[in-house]
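Step one of this worksheet: look at the structure below.
The values are calculated or read from the model by the stated rules, or taken from the named source; none is laboratory data. Note that this is a predicted model, so its numbers are computed, not measured. For neighbour counting, all protein chains shown are included, and Cβ atoms are generated from backbone atoms with ideal geometry for every residue, glycine included.
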């Protein structure tokens with residue numbers, strides 16, 4: 001097959017070869033290739049010229065210059081691959097373009113940051129606006145001025161500037177103090193005030209104070225608020241800086257830190273410190289338990305001074321408080337009785353458990369009776385039923401003198417060997433009725449004892465009512481102090497059974 005080439009092309013000189021046309025061809029090819037390379041070099045040189053630092057911040061120029069130099073060096077080292085992407089599949093050209101975009105973006109960012117600063121310059125030149133800028137703005141501008149790429153740099157947000165902050169009012173102050181106080185440990189000291197002899201109440205004061213770590217935490221938070229919160233800055237500069245406020249706050253600050261206030265942040269620190277500590281002082285009024293127990297014991301045992309004072313207190317109370325006071329007084333009797341548990345056998349042979357105590361002097365008049373001969377007698381003891389629902393005054397039979405007046409000598413029942421009880425007088429009272437009549441006795445109105453003292457006891461065998469299973473006649477209930485209305489009320493409440 002013919003190849004189209006002369007058969008003597010490589011015959012070694014047997015044929016004369018004219019090389020001039022080929023040389024011309026080669027020279028022209030090389031000239032065209034060189035022209036193309038020069039054209040590409042010129043193109044890339046123009047690309048370098050398109051990225052310039054005009055309008056960029058001065059502090060960003062060194063880094064920009066480094067980027068451009070690295071970019072140009074990369075071109076010089078990879079110019080063949082960049083101009084002919086087929087040599088490496090376009091990797092070098094892609095890297096070249098990436099470095100180009102990076103340099104363009106860097107310089108554009110610098111121009112944008114320069115414009116942001118220029119926008120804030122008029123504000124910084126205005127004395128009024130500049131005075132209302134929080135210190136944090138200056139710090140933020142310093143961070144903004146750092147070169148691009150600095151790890152501490154932060155772009156300034158001009159839209160966050162606030163020249164008309166909301167007032168640092170009572171609510172804002174409360175929220176601030178609450179936030180500052182959270183997480184700070186306070187040392188608590190509790191003091192007990194003297195007992196008021198009239199009310200037997202005492203004031204308990206709980207004071208919380210800061211240790212050194214707490215004081216420093218307060219200082220940091222207060223200074224931070226002044227630097228970052230325009231409302232706080234305005235509050236400090238316009239209110240706390242007044243001479244009168246300064247002196248007061250300086251006393252607080254010097255006591256806590258040992259030096260005078262020197263900066264606005266110190267004013268905010270002193271105000272915060274005083275507010276936190278003041279907010280942690282708590283007072284409450286509560287009964288002096290021991291004094292009240294001693295006082296109630298004196299009332300129970302009929303001490304005239306305490307009885308008169310208790311009567312006055314009771315008159316000044318509301319109905320509910322009166323009831324609570326009598327309940328507390330009665331509780332003392334109940335506790336005394338509980339210490340002396342006894343079992344008694346009735347005539348029918350039934351054994352019952354009761355709690356007995358010597359009659360407290362404070363209720364002797366309340367439970368006093370008049371015997372058939374018209375003599376005033378007092379119960380020797382009182383018994384509380386096992387369910388605590390009834391109180392029974394116990395009258396022991398006494399020997400009488402030549403005039404028929406009872407003596408202190410108790411008659412002993414020969415069958416039991418124990419003091420003989422006057423059953424007609426020793427009749428139970430419902431607990432609630434006992435307490436209500438005791439209250440009236442103390443108040444001096446409708447005294448229960450007085451309502452019975454002049455009514456000689458008349459025996460009756462008519463049984464129509466029961467209290468805790470024990471039978472009573474209507475007359476006996478009257479003698480115990482129940483009028484007809486109270487009997488009917490007790491029946492309705494189930495306290496008295498027919």
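Checked against the criteria, residue 366 counts as in contact (Cβ under 8 Å) with a residue 12 or more places away in the chain, within 27 Å of residue 494 (Cα to Cα), touching a helix residue (DSSP H, G or I) at 6+ places or on another chain (Cβ under 6 Å) and in a helix (DSSP H, G or I). Of the residues making up region 54-69, those that are buried (at least 18 other Cβ atoms within 10 Å of the Cβ) and not in a helix (DSSP H, G or I) are 56, 57. Here residue 234 clears all of (1) part of a helix (DSSP H, G or I); (2) under 18 Å from residue 439 (Cβ atoms) except the condition numbered (2).
When restricted to residues that are farther than 24 Å from residue 337 by Cα and surrounded by 20 or more Cβ atoms within 10 Å (Cβ to Cβ), region 373-397 contains 0. Every condition in (1) at pLDDT 80 or above; (2) outside the structural domain of residue 352 (by TED's automatic domain parsing) is met by residue 412 except one, and the failing one is (2). Determine which single condition residue 451 fails, assuming it passes every other condition in (1) assigned by TED's automatic domain parsing to the domain that holds residue 385; (2) in contact with a helix residue (DSSP H, G or I) (Cβ under 8 Å, 6 or more places away or on another chain); (3) at pLDDT below 80; (4) assigned to a helix (DSSP H, G or I). Here residue 451 clears every test but (2).
Could you tell me which of the residues 412, 421 is out of contact with any helix residue (DSSP H, G or I) (no Cβ under 6 Å at 6 or more places or on another chain) and free of Cβ contacts under 8 Å to residues at least 24 places away in the same chain?
Matching residue, one of 412, 421: 412.
Out of curiosity, is residue 440 assigned by TED's automatic domain parsing to the domain that holds residue 425, exposed (fewer than 15 other Cβ atoms within 10 Å of the Cβ) and either modelled with pLDDT of 65 or more or within 20 Å of residue 302 (Cβ to Cβ) (or both)? No: the conditions fail for residue 440.
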